[in-house]
Each structure stands twice: as C-alpha cells, then as structure tokens.
Number of protein chains: 2
Amino acid sequence: MRILKEPSGEPNYPLLHPIEEDLACVERILSQEIDSQAQLICQVASYVLQSKGKRIRPALLLLSARLCGYRDGLRHIRLASIGEYLHAATLIHDDIIDDSDMRRGRPSANSRWGNGLSVLVGDYLYSQSVKHLIEDEDLEVMRAFTDATLRMVEGEVMQQEMTGKVDISYEDYLKMITHKTAFLFSACCRVGAIISEATPDRAEALTRFGLNLGVAFQIMDDALDFVADEGKLGKPVGKDLAEGRITFPLIYILEKGSRPDQELLRRHTPGRRLQERQVAEILFLVKKYQAVDWARGIAQDYVEKAKAHLSIFPPSEPKGGLLGLADYILVRDR
Amino acid sequence: MRILKEPSGEPNYPLLHPIEEDLACVERILSQEIDSQAQLICQVASYVLQSKGKRIRPALLLLSARLCGYRDGLRHIRLASIGEYLHAATLIHDDIIDDSDMRRGRPSANSRWGNGLSVLVGDYLYSQSVKHLIEDEDLEVMRAFTDATLRMVEGEVMQQEMTGKVDISYEDYLKMITHKTAFLFSACCRVGAIISEATPDRAEALTRFGLNLGVAFQIMDDALDFVADEGKLGKPVGKDLAEGRITFPLIYILEKGSRPDQELLRRHTPGRRLQERQVAEILFLVKKYQAVDWARGIAQDYVEKAKAHLSIFPPSEPKGGLLGLADYILVRDR
C-alpha cells in the first residue's frame, strides 16, 4: 500500500489493513475498466488513472462502509472507484486550467496529448462515473456524488477568481478549498455510510468527518507547495506561488508580517508567472515566519474536529483506519 | 420562433405551433436558472445559453412528448432544457478544442474568458444537467441522456483522431457524426416518449427517427461549412476545412474527382491551418463537383428514413411538427 509508506522516521501505521483487499480490487478496476469506442480515450484515461495517486478518496469510502458494518457485495468497490474517477476527471481539467506540465511526477495529460484531448478525456471520465452511478440505481448515492461534483467545479472557479489577487481573506480561502476538495472527501464518507444502511446520525457524523478532513488535507497540500521535495511531491516547489495563488501561509504573512515584508509580498504576488528570484524571496519569508507550521496548526485543528465526529462509533479496526488516515494527513510529505 | 424563420422564398412551416408555449418556457429556464455560488459561472453560462441557438433538441423532446400524448406537468420543459444544457456544455468544450473564436455569430466563451474558465463552465453545465436528471428520479431518462453524453464525447475524440487525415471512409465519418450528434437527437426523442409512457414500439420508432435525423443534420451542418453565408452561419466559411477536417463533400471528391483534383485535395488538406488561397482552391473544387448537393442527397436519404419511422403514428399536429422539422434540416441555411 503506497499510502503506508511514511517518510522514514515516521511510524508505519497499519491504517489500511481492514481494506487492503478492497483497495487492491479498486486498483484493478482503475487499471482495466476504460472500454471505449475511441481508442485514444482508453490510452489517455489509463495513463491518468494508473499514475498512482494516494487513493485517499476510495480509502475513505471503503473505511466508512466497513465502519458502518458493510459486509457483502461489490458496491463499495465500484463506488470507491467512482470516487477516484471523479477526482481524476478534475485533475485532468485542472492541469489544463493551470497549464501544468507535471502531475504525480510524470508529464501531465495535457502536456503529453494537448488540451483538446485532455478536455475530452476529463469529460469522458466524468460521464463514465455518472453512468456507473446510474447503474448503481441509488438516488441518495447519486445525489451525494453529484452535489460534490458541482461544488468542486464551483471551488475551481472561485480559485480562478482569486488567482492574481493578494487580498484574500481566511474565509474566502476556506470556502474555496471546502468546495474544491472537502465536499468530495465528505461525499465519499457519506456514500460509505449510505450503502451500509447506517443510521442518520452515523451518516451525518461521517459526512462531517470527511468535510473537516478535506479542509485539513487541502490546507496541508497547499502548504506543502512551499516545502516539499520536488521528487516526492511530483511537481515543482512554489508552483501555486508562481501561478499567483495566495494560500494560508501567505495570508498569514500578509496579516502578521512586518510592514516591509508585507509590502515585498504585495509587490511580488499579484502577477502570475513570478521569476525564480522572486519565488526564492517569498520562500525565505515563509521560513522566517514559520508560516507552514502555522498552516499545519490550522490543519491540525480541522483534523481534531474531524476525529471528534467519530466519537459516536465504538473502537474498531475501520475506525482506527480513519483516525490514522486523519493523522497521516498532517505528516505526509507528498 | 427563430426556427420558423426560413430563408426568404421558402415556405414558413407552422412546425412548432403545438409546442410554442413549451418552447417559450424552455427559453425562460435557459435564461434564468443558472444559480451558482461562483459569480463567474453565472455570467459565462448565461452568455452561452442565451446566445440563441436553434433549440432543435428541446423541440424534438417536446414534439415527441406531445406526439405520445404527454399532457400535464412540467417534466417535459425541464427535460427539454437539459437537452439544451448538455448541448451547450459540449459546444463550450468544442470551441476550446477547436480554438474557435466565434460561435453563433458572437465571440466564443473561450475567446472571451479564456480556456480555463470555459473548461469549468462546460463542466458546470454538465454537472448541473446531471443534478437535474437525478432530481427527476427516472432511471430510464437518466440512462438515455447519459448514454448519449458518453457517445458525444467519444464522437468528439473520433473527430480529433481524424483531424488532419485525408483517407477517411464514409463509414468512419458516419460513425463519428452518429456519436457526436445523432445520439443526443435520438435521446431527446426517446425521453419525450418515455415521459409520456409510450408503448415500446412507439418509443423505439422515435428513437430511430431521432438517430437518422441527427445524422442528416450533421451531414448538412458540415456541408454548410462550404457554402453558408458567414453572417447567417455565425462562423467563418471553410472553418472545418481550415482545421484539417474532411467531411462528406470532400470524401466524395476524393473518391469521384479527377486524379489531378484528388491530388490537389490531398496536397492541401492533411495539414491544419490552411492558407486562404488553398481554402479558395478547395471551395472551387467543391463547386465544380457539386459536392454539397451530393451531400444534401445523402442527408435527404437519412431524412426519409427518419420520417418512415413515424409512419406508425396517426396524423396529428405534433407529428406534422416532427416531419416538418425533418424537412427543415435540408433547407436551412445556418
């Protein structure tokens, strides 16, 4: 399990033990199931789906299902794969929007096949997900995933609207990442509960767990942009920054930094496509103010809130898995 | 009704009389219903939806429903709007893929707001359609529209695969346009039948009517690329050609033309971005071989096939509307 590979020195949680086989099935589906009339779709979609991600969304769905007593059938596997399909569809379109060259340590689909085909493969993955959802025939499941998808798109648009602007409030940033990331995390947890016929309070607890976890995840993901090792992250350091995106560490400096440092930041950030030297100056400020640690602190608060929602569940292996996954989000380095 | 505005000298069919009010309701929905958290989505989506198209897909759904005895409620209006939403979503993404500057006589969304936002607004319209479909709660309707969407994407990819190639067979071209256009026409007709609880043979007849009509429509649409008046078509003449796309009139010349003319065509077409002089030479060949009339002849065959499928229905106003719409496809000039 790739997700188990903690940075050396970190404990190696047996997080995913209860869903190890399930995840292997999801992986098989992701590597096989693209079967289209159009050859090129199969090729590009397989390329994207097989670039190993962390598979956090499927893991959330599977663990939530197991936590709520899911036992038989293959629905959980199919729906977990849909969680990853939906995620992959947005990744492809994101890379077009950001004009990104790299994704998960390899050339992005758009840099390899061009924007046109990438738009279409994203569309195809999304349509395919909807098709599978309809085959599943559960309106509540459909609603959970479809609402999340609409929110994701809205989050992406909010991000576009914020790009190149300096005066982003904490609230605006939080709203944007909640839409962009947290609603799908939340939907995956909720769907796990729905297919296990969990009681409404349990379904609600998992929904809120996922939402808070998603916020924490994205705060950390954005903060890692300032510190991560390019080889591990699979994309260049300071990428968001170079694209004119203000995230938590910078919002912090813009509020708490000395006047000259605030001014330096204001001078550099509003434009897209910063030069290397300017990126270096900002990275220096981020270190000086320990802004990444500050962001990690906020993420930790969200992780704690998330975990608190699971208090209604008695201890179990799947519960341990979800709690461990929540902690993992704070220590991961890619 | 814009659709009634025939070129002068043509008869002015009362095609849409039985659905005039319904279409006006659809128009109101299209002009109002975008209600998103993200301001920019509302702005761009409204721009695209309000650029008056021919609304053929909604008209097909409404006429099919009325033909099968649909009476009460608003489902037909809502579903007809979804037909147009799905179409609009593909138009936006198409324009990105083709790098088109104009659509329906106005700047395209991508030329006005950039590719990034246009990708997202297409995604939003599609997700919104799916959300409305789920609210409608009819699995058969969902399946019809979702299958059509997947096929549309496949058709677009086939078109991408063919771009810049000369040796396109009639069969490949037909398969591509069937996916790209005809399946959605067909789905609209089928959905009209489904919501009216039509008998299976009536639903099937309408499904086939729509499929043949869609093929005829796209053959004509592609042929109009060689002859239409830019002001009426809303996009430059010879656009497909300039983008390296072989359509029926050229396939015809490549098969039936003199050797030197075939060679001229082969020399010019495989590359994208033809020069004006080269486009003019090809337009001359198209005239010389009356290739557009030939394409119109094939389209007419499909229209006749389409109409034959309606023979199981007794005469009625909605039937007259569908038959008239089929004929309109052959005489329209935009």
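No value in this document is a laboratory result; all are computed from the given coordinates. On a predicted model such as this, the values are computed, not experimentally measured, just so you know. Heads up, the Cβs are rebuilt from the backbone with ideal geometry, glycines too, and the neighbour counts pull from every protein chain shown.
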Exercise. Residues of B:108-116, mean number of Cβ from any other protein chain within 10 Å of their own Cβ, rounded to a whole number?
Worked result: 2
For this session: For chain A, return all DSSP H helices satisfying: extent of Cα atoms along own axis at least 30 Å; mean Kyte-Doolittle hydropathy at least -1.0.
Result: A:75-98, A:115-136, A:139-162, A:200-227
Problem set entry | Teacher prompt: B:Q262 distances to equivalent labels in other copies, 7 Å Cα→Cβ, nm | 7.6
Exercise. So which trypsin sites (Lys or Arg not before Pro) in segment B:240-281 end up in coil per DSSP with only 13 or fewer other C-beta atoms within 10 Å?
Worked result: B:R272, B:R273
Exercise. So who's got an amide H within less than 5 Å of the one on A:R106, skipping anything under 5 residues away but keeping other chains? H placed 1.01 Å off N, in plane.
Worked result: none
Seminar exercise, completed: Gyration tensor (Cα only) of segment A:266-334 to equivalent ellipsoid, semi-axes in Å sorted down, yields 37, 11, 10
Exercise. Of the peptides A:204-213, A:310-319, how do they stack up when ordered by the mean number of other Cβ atoms within 10 Å, highest first?
Worked result: A:204-213, A:310-319
Exercise. By how many nm would the segment from B:D101 to B:R277 grow when fully extended, if each residue of separation counts as 0.36 nm and the alpha-carbon distance is taken off?
Worked result: 61.3 nm
For this session: For peptide B:159-167, compute the average count of partner chain beta-carbon atoms within 10 Å of each residue's beta-carbon.
Result: 2
For this session: Using just the helices of chain A, give the 222 nm mean residue ellipticity in deg cm²/dmol: DSSP H runs with n ≥ 4 each add -39,500 (n - 2.57), and the total is spread over all residues, rounded to 500.
Result: -22500 deg cm²/dmol
Exercise. Once the mean 1/r over all distinct Cα pairs of the protein assembly as shown is inverted, what Kirkwood radius in angstroms do you read off?
Worked result: 26.7 Å
Problem set entry | Out-of-range pairs (alpha-carbon distance over 29 Å; input B:K180/B:K239; A:K175/B:K54; A:K54/A:K180; A:K165/A:K256; A:K131/B:K180) | A:K175/B:K54
Problem set entry | Share of alpha-carbon pairs per 5 Å distance bin for segment B:95-211, given as whole % | 2, 10, 15, 17, 18, 16, 12, 6, 3, 0
Exercise. Segment A:72-178: which GluC sites (Glu not before Pro) are DSSP loop and have at most 14 other beta-carbon atoms within 10 angstrom?
Worked result: A:E137
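Cα convex hull of chain B: mean projected area in nm², to one decimal?
16.1 nm²
Relative contact order for chain B: what is it in percent, counting Cα pairs under 8 Å that are at least 6 residues apart?
Reported relative contact order: 20 percent.
How would you order B:324-331, B:123-130 from highest to lowest mean count of nearby Cβ atoms within 10 Å? Please list the in-between numbers first.
Numbers: B:324-331: 19.0, B:123-130: 26.0.
By packing density, highest mean first, the sequence is B:123-130, B:324-331.
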Seminar exercise, completed: Under the 7 Å Cα-to-Cβ spin-label approximation, A:Q290 and B:E135 lie apart by a distance in nanometres of 5.0 nm
